[in-house]
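Worksheet: one structure, shown below.
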Amino acid sequence: MKILLLSNQGMIDGIVGNPIMLRMRDTLKTDPRIEDVEMLRCKEPFSVCKELRKKAQGVDVIHLHFGGVYALVVWFLLFGIKKPKIITFHGTDIHAKALNTAKDWKERLKIRLNQRASFLCIRLYDRCGFVASEMMDYVPGCLRKTLNKKSFIQRLGVDYNKFIIEDKNKAQAKLNLEIGKYALFSDISGTKIKRRDIASLIVRKLGDEYNLLIMCGVNPSVVPDYINACDFVLLTSDEEGSPNIIREALALNKPVFSVEVGDAVQQLKGLNNSTIISRVPDKAVETIKEYLNKTYIDNSRETRREIIDFVSCNSEIIDIYESSLTS
């Protein structure tokens, strides 16, 4: 099979952005059922219309990631091309919780329009994936019958060939950090919904022993270095779909302390050294200190491998590709 991956996110080599598409592309290529994977960034679909249609005609399956108005435009630009068109939603494109932190009416309108466009895409695309089952709760009841026919859960994962455990001090030296204890806070684009303010207050209340290490706007290739350099990962977002930073941390045997958001509860279920924390900093600190005093026994890299290794995750989505070609 030949696959075309589409996204409105920064995903080209050397460009900072959501790295999930690059990693998905690379691991899809390792499956013997896949002949080739092409990728195209469609942040401004009309500007790549000619290239989009040309690439779409030369593949077997078209798989678009992230919903919104752009996804609706892409569907219309591909009108007449008889290839299975699949979409995967990642979070705010469905639940629109970014409305809670929108700065003005223009931003609120944009968020609402993207959500409505995503709902329409559920009707138009051949199959509809969600990175977390919790996201389906936000879909209107009038689309339930359509969901039952088209929906699937797409597990996102981690490239184990790139996320390799390394000595903490060595990783800190790579990043030119002082040797010490760090809590990692991931915030790709510096958005308010990540709640850096809560994370900063939590680390401050942990005492002088810990420093807040912020990962923002970095090249995807150094993400493993940041995680290896920390003692634990802290997630305090107001909204998430299925936060990949949790999977990445678990793949490198790092504890994760997350507020209840997205599918964090599901991802951390059954672990001894990671847990859900309160959004109230004082309560969160109590929990974190309790867990940091425990001996690390999870070895989540191996115990969760079948769940978070991209090779396993992509095998499931390739099954979806195959079924879409025969339906």
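Coordinate-derived values only; no laboratory data. What you see is a predicted model, and the numbers here were worked out from it, not measured in a lab. Virtual Cβ from ideal backbone geometry, glycine too; neighbours counted across all protein chains shown.
A Gaussian network model of the chain, with springs between Cα atoms under 10 Å, assigns the largest mean-square fluctuation among LYS50, LYS181, LYS254 to LYS50. Let me make sure I get this right: for the range 46-190, a, b and c are the square roots of the gyration tensor eigenvalues over alpha carbons, sorted descending. Under 1.5 in a/c it's rounded, otherwise prolate if a/b > b/c, else oblate. Which is it? Cα axes put the range 46-190 in the prolate bin.
For the chain, a Gaussian network of Cα nodes joined below 10 Å ranks LEU147, LEU28, LEU109 by mean-square fluctuation, and the top entry is LEU109. Can you tell me how the range 165-236 classifies by the Cα gyration tensor, rounded, prolate or oblate, using a/c under 1.5 as the rounded cut? Taking the square roots of the gyration eigenvalues as a ≥ b ≥ c, the range 165-236 is oblate. Residues ARG204, ARG301, arranged from fewest to most other Cβ atoms within 10 angstrom of their Cβ, appear as ARG204, ARG301.
Can you name the helices of the chain, as whole DSSP H runs, whose Cα span along the helix axis is 27 Å or more and whose Kyte-Doolittle mean is not below -0.5?
Numbers: long enough: 105-124 (28 Å, -0.34).
Length and hydropathy pass: 105-124.
Only Cα pairs under 8 Å and 6+ residues apart enter the sum, and on that basis the relative contact order of the chain stands at 16 percent. Taking amide H atoms as placed 1.01 Å from N in the peptide plane, the amide H of VAL233 lies under 5 Å from those of LEU184, VAL256, PHE257, each 5 or more residues away in sequence or on another chain. Quick check on the range 227-319: take the gyration tensor over C-alpha atoms, sort the square-rooted eigenvalues as a ≥ b ≥ c, and tell me if it's rounded (a/c under 1.5), prolate or oblate. Note, shape of the range 227-319 comes out oblate. Taking θ as phi - 60° and the Karplus parameters 6.51, -1.76 and 1.60, the scalar couplings of the range 215-225 work out to 9, 9, x, 9, 5, x, 5, 9, 4, x, 5 Hz in sequence order, x denoting glycine and proline. Under the combined filter of DSSP loop state and at most 14 neighbouring Cβ atoms within 10 Å, the range 21-105 retains these chymotrypsin sites (Phe, Trp or Tyr not before Pro): PHE79.
Taking only Cα atoms and a 10 Å spring cutoff, compute GNM fluctuations for the chain and point out the largest among ARG123, ARG155, ARG195. Sorting by GNM fluctuation, first place goes to ARG123.
Summing Lys, Arg as +1 and Asp, Glu as -1, what charge do residues with Cβ under 12 Å from the Cβ of LYS194 carry, LYS194 excluded?
Residues near LYS194 contribute -2 overall.
Based on C-alpha pairs under 8 angstrom that are at least 6 apart in sequence, the range 168-307 has a relative contact order of 23 percent. Only helical runs count toward this figure. For the chain, summing -39,500 (n - 2.57) over DSSP H runs of n ≥ 4 and dividing by all residues gives -11500 deg cm²/dmol at 222 nm. Site-free segments of the chain were taken between GluC sites (Glu not before Pro) in DSSP loops having at most 15 other Cβ atoms within 10 Å, sites themselves excluded; the longest one is 36-165. Scaled against the 2.2 N^0.38 Å expected of a compact globular protein of N residues, the Cα radius of gyration of the range 168-307 reads 0.96. Net charge in the neighbourhood of GLU286 (other residues with Cβ under 15 Å of its Cβ; Lys, Arg +1, Asp, Glu -1) is +4. Label sites at LYS82 and LYS170, each approximated as a point 7 angstrom past Cα along Cα to Cβ, lie 5.6 nm apart.
Between the amide H of ILE153 and those of PHE130, distances stay under 5 Å, these residues lying 5 or more places away or on another chain, with hydrogens modeled in the peptide plane.
Taking amide H atoms as placed 1.01 Å from N in the peptide plane, the amide H of GLY68 lies under 5 Å from those of SER118, each 5 or more residues away in sequence or on another chain.
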